[in-house]
Ligand SMILES: NC(=O)c1ccc[n+]([C@@H]2O[C@H](COP(=O)([O-])OP(=O)(O)OC[C@H]3O[C@@H](n4cnc5c(N)ncnc54)[C@H](OP(=O)(O)O)[C@@H]3O)[C@@H](O)[C@H]2O)c1
């Protein structure tokens, strides 16, 4: 029996509740996990709100990523054994805001001992996305990468990846995030009205790549600073990016393993912002739903 946070209907946070569920044994290509840490993502509330379709069977377990200890493995799982410390994505129909869950073995990797459970749990969604979005359009060292929404889970990792590649990185975020954005090596520009002009003060000739993690009007207002509008890549708002000439992020199969290796070697810090107990998982989701978190929010059973 495991406690898991679910949503019982599409809509607001009032549809979330804890349930006790019998966890089935892992099926093919699944591993059973004792959860040590789970990452919170905007997708958790966006799925609940119905913004990502209505194909989840209700009540739907919440939480997409976790790190922990393997307690059982399904048939045809190679390279993962009982007792291994792993990190990965939840199996279909399962959630990671729980004491025990099932992971998709094809999207699960061994956790390097250099990474804590919390640090590892911060990486499968935001870290892999940051890896993919910074590699979709290749820049040369010295070229300029602008990140809109630089202080969040994806943004802080994208900025650090940019510095590893020796790009000039500019991070747009609210004033409260200046210190954390600058800690990644990025030049800070305050978000809000007039942001395009402030970016021009730092990059008078414009930027080579615009990574958008916010979308909407905030993206429209700064899009003119990119030299070539095809070099707008978004994780947040493909429709607006395409209207402006850019594109949505193409997710890859190797992004998660790559970012875990980069973090293992100490080249990026997952920047854990806040940690909540499992009983406070709803507060953890609310803090991300608020839209202004700094770094990653983690839930620990
Ligand atoms: N397609 C995919 O596979 C994929 C995967 C992961 C994430 N995503 C999406 O990517 C986006 C970012 O994810 P995340 O995990 O980084 O979210 P997050 O941790 O919640 O961070 C979002 C950041 O956006 C900033 N922000 C909000 N409004 C802003 C504005 N008007 N101007 C500038 N910054 C603003 C917030 O900081 P301030 O307080 O500074 O405003 C916050 O730090 C989300 O929309 C998420 O759903 C997509």
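Give the residue that is nearest to the ligand (Cβ to nearest atom), with candidates limited to residues of region 195-206 that are surrounded by fewer than 17 Cβ atoms within 10 Å (Cβ to Cβ) and not in a helix (DSSP H, G or I).
Across region 195-206, the extreme among qualifying residues is 206.
Consider residue 276 against the criteria (1) assigned by TED's automatic domain parsing to the domain that holds residue 116; (2) in contact with a helix residue (DSSP H, G or I) (Cβ under 6 Å, 6 or more places away or on another chain); (3) within 12 Å of the ligand (Cβ to nearest atom): it satisfies all of them except one. Which criterion is unmet?
(3)
If you check residue 156 against the conditions, is it crowded, with 17+ Cβ neighbours inside 10 Å, under 23 Å from residue 258 (Cβ atoms) and more than 9 Å from the ligand (Cβ to nearest atom)?
No, not satisfied.
Failed condition for residue 127, given (1) part of a loop (DSSP other than H, G, I, E, B); (2) touching a helix residue (DSSP H, G or I) at 6+ places or on another chain (Cβ under 7 Å), with all others met?
Checking residue 127 against (1) part of a loop (DSSP other than H, G, I, E, B); (2) touching a helix residue (DSSP H, G or I) at 6+ places or on another chain (Cβ under 7 Å), the one that fails is (1).
So the check is Cβ under 6 Å with 6+ separation or different chains; which pairs have a first residue in region 289-301 that's over 22 Å from residue 101 (Cβ atoms) and in contact (Cβ under 8 Å) with a residue 60 or more places away in the chain and a second one that's in a loop (DSSP other than H, G, I, E, B) and more than 8 Å from the ligand (Cβ to nearest atom)?
295/271
Of the residues in region 251-273, how many are out of contact with any strand residue (DSSP E or B) (no Cβ under 7 Å at 6 or more places or on another chain) and crowded, with 16+ Cβ neighbours inside 10 Å?
The qualifying residues number 7.
Checking the condition within 15 Å of the ligand (Cβ to nearest atom), on the phi > 0 side of the Ramachandran plot and either free of Cβ contacts under 8 Å to residues at least 40 places away in the same chain or part of a loop (DSSP other than H, G, I, E, B) (or both), which residue from 192, 171 passes?
Result: 192 is the single residue among 192, 171 that is within 15 Å of the ligand (Cβ to nearest atom), on the phi > 0 side of the Ramachandran plot and either free of Cβ contacts under 8 Å to residues at least 40 places away in the same chain or part of a loop (DSSP other than H, G, I, E, B) (or both).
Just one of 221, 242 is over 19 Å from residue 121 (Cβ atoms), within 16 Å of the ligand (Cβ to nearest atom), touching a helix residue (DSSP H, G or I) at 6+ places or on another chain (Cβ under 8 Å) and not assigned by TED's automatic domain parsing to the domain that holds residue 112; which is it?
The unique qualifying residue is 221.
Condition check: closer than 17 Å to residue 123 by Cα and either touching a strand residue (DSSP E or B) at 6+ places or on another chain (Cβ under 7 Å) or modelled with pLDDT of 95 or more (or both). Does residue 232 satisfy that?
Spelling it out, it is not the case that residue 232 is closer than 17 Å to residue 123 by Cα and either touching a strand residue (DSSP E or B) at 6+ places or on another chain (Cβ under 7 Å) or modelled with pLDDT of 95 or more (or both).
Hey, among the residues in region 207-246 that are part of a loop (DSSP other than H, G, I, E, B) and in contact (Cβ under 8 Å) with a residue 60 or more places away in the chain, which one's farthest from the chain's Cα centre (by Cα)?
Top of the filtered list is 208.
Taking region 43-87, which residues are within 15 Å of the ligand (Cβ to nearest atom), within 21 Å of residue 256 (Cα to Cα) and assigned to a strand (DSSP E or B)?
65
If I ask for residues that are over 24 Å from residue 192 (Cα atoms) and in contact with a helix residue (DSSP H, G or I) (Cβ under 6 Å, 6 or more places away or on another chain), which ones from region 279-296 would you list?
285, the sole residue that qualifies.
Of all residues in region 130-153, how many are touching a helix residue (DSSP H, G or I) at 6+ places or on another chain (Cβ under 9 Å) and within 15 Å of the ligand (Cβ to nearest atom)?
Of the residues in region 130-153, 14 are touching a helix residue (DSSP H, G or I) at 6+ places or on another chain (Cβ under 9 Å) and within 15 Å of the ligand (Cβ to nearest atom).
The values are calculated or read from the model by the stated rules, or taken from the named source; none is laboratory data. Everything numeric here is computed off the predicted structure, so don't read it as measured data. When we count neighbours, we look across all protein chains shown, and the Cβ atoms used for this are built from the backbone with ideal geometry, even at glycine.
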